[in-house]
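Have a look at the structure below before the remarks.
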Amino acid sequence: MSPFLFTSFTTRASIPTALPISTTGVWKLVQRYARVCGLEHSKTHDMRRFVGTQLAAKDIRKAQRALGHKSIETTARHYVLDELEIGLTDHL
């Protein structure tokens, strides 16, 4: 068990450790998997935006809590995309 979301692995056994991955290490992982998915110019915050938008579409209160916003207005302003036509962001 570790208090960190992203933990490192031992080099020989691929066993998780209790040590955190550095911010550079996380960034390299994100970039590697983004390229595998065909997303050449993604940023780590793009994932937060995507997940926040998906959560807000289902339950804005849960999105607010997950994103750590004190105000529901912040969540609504940045993550509720009611005005977009359906399918506009498909395949991004």
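Each value in this text was obtained by applying a stated rule to the coordinates, not by laboratory testing. Since the structure is predicted, the reported quantities are computational estimates derived from the model, not experimental observations. Every residue, glycine as well, gets a Cβ built from its backbone with ideal geometry; the counts of neighbours run over all protein chains shown.
Computed values, structure above
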item	result
Matching residues, the stretch 18-44, being over 17 Å from HIS91 (Cβ atoms), exposed (fewer than 13 other Cβ atoms within 10 Å of the Cβ) and among the basic types (Lys, Arg)	LYS28, ARG32
Residue among ARG35, ARG61, ARG65, ARG48 that alone is closer than 21 Å to PHE4 by Cα and without any contact (Cβ under 8 Å) to a residue 12 or more places away in the chain	ARG65
